[in-house]
1. Name the long-range amide H neighbours of Tyr82: under 5 Å, sequence gap of 5 or more, or other chain; modelled H, no Pro or chain starts.
2. Exceeding 28 Å between C-alpha atoms, which entries from my cross-link table qualify? They are Lys206/Lys234; Lys86/Lys206; Lys15/Lys67; Lys86/Lys234; Lys30/Lys67; Lys39/Lys86.
3. Can you give me the Cα centroid spacing of region 82-146 and region 185-235 in angstrom?
4. Classify region 86-153 from the C-alpha gyration tensor, please: rounded if a/c falls under 1.5, else prolate or oblate depending on whether a/b exceeds b/c.
5. Please list, ordered by chain and number, the residues whose modelled amide H lies under 5 Å from the amide H of Gln139; skip anything fewer than 5 residues away on the same chain.
6. To the nearest 0.05, how large is the calculated FRET efficiency for Ile7 and Phe44 if R₀ is 35 Å and r is the Cβ-Cβ distance?
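Values in this text are rule-based calculations from the coordinates and carry no lab data. Treat the numbers as computed from the prediction; the structure is a model and nothing was measured. Cβ coordinates were reconstructed from backbone atoms using ideal geometry, including for glycine residues, and neighbour counts include every protein chain displayed.
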Amino acid sequence: YIAENDIDIYTSTRKELPFPQYFVFYNGTKEEPDRTELKLSDLFCGITGECIQKDCNTVLHTAAGKKEPCLECTATMLNINYGHNKMLMEKCRRLKEYAYFVEAVRRNLASDMPLRESVLQAVDECIARDVLADILVSQKAEVVQMILETFDQEKHDEAMKKDWYEAGREDGLKEGIKEGQKEGMREGQKLERENGIRRLIISLRKKETPEENIINILQEVYELGAEDAERFLKP
């Protein structure tokens, strides 16, 4: 904008700049609300309490109490996964169709379909439903190749297992701490683990993951034996 309007930023006169708005489109797999406000300052350490910085082997301490940062950037994150932000989707057909296409690929992957087959079937489904049909018909090979090149199945699986473990651990930790205060830390840690496992099972069942696959995931993430994993699946 500054270059296009030939604005000299080195003079002392007041410069008028356009009102800034920063939007982020989110289509990850973690559940998020339709609209979220993100602040750069949420990543700053030292706004409250003590800040420890390990870089250059230095330790910084802040004064007690809340501090206001001298730099801030606010972004509005919009969830563009299928089924979210319906008013926005109705106003932007391309965005709505893209969300449906992504959902179709993920739905196929969740049913244990190989990546390439998942993408191809999603493309055919969208063409049949007239979803991004003009693009998918004329550039089908390019679309499929682009997704295959940018999607690493192994990394995806590892990331999902890590997310499941961390989500289960966090939920279990909250419950475990409450019970641990009454029954001791050992019992609390046990409850943390069990609650984490149950949370993971609930999450996988919502995604309609087959029971056999759930057992395998429990064995990998929590290092359970087959019998122990099956026991957690029982009511």
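1. Those lying under 5 Å, H to H, from Tyr82 are Glu103.
2. Numbers: Lys206/Lys234 16 Å; Lys86/Lys206 22 Å; Lys15/Lys67 30 Å; Lys86/Lys234 38 Å; Lys30/Lys67 31 Å; Lys39/Lys86 25 Å.
Beyond 28 Å between Cα atoms: Lys15/Lys67; Lys86/Lys234; Lys30/Lys67.
3. So the separation of the two Cα centres works out to 32 Å.
4. On the way: a/c = 1.86, a/b = 1.44, b/c = 1.29.
Judged from the Cα gyration tensor, region 86-153 comes out prolate (a/c at least 1.5, a/b above b/c).
5. none
6. Numbers: r = 30 Å, r/R0 = 0.87.
It comes out at approximately 0.70.
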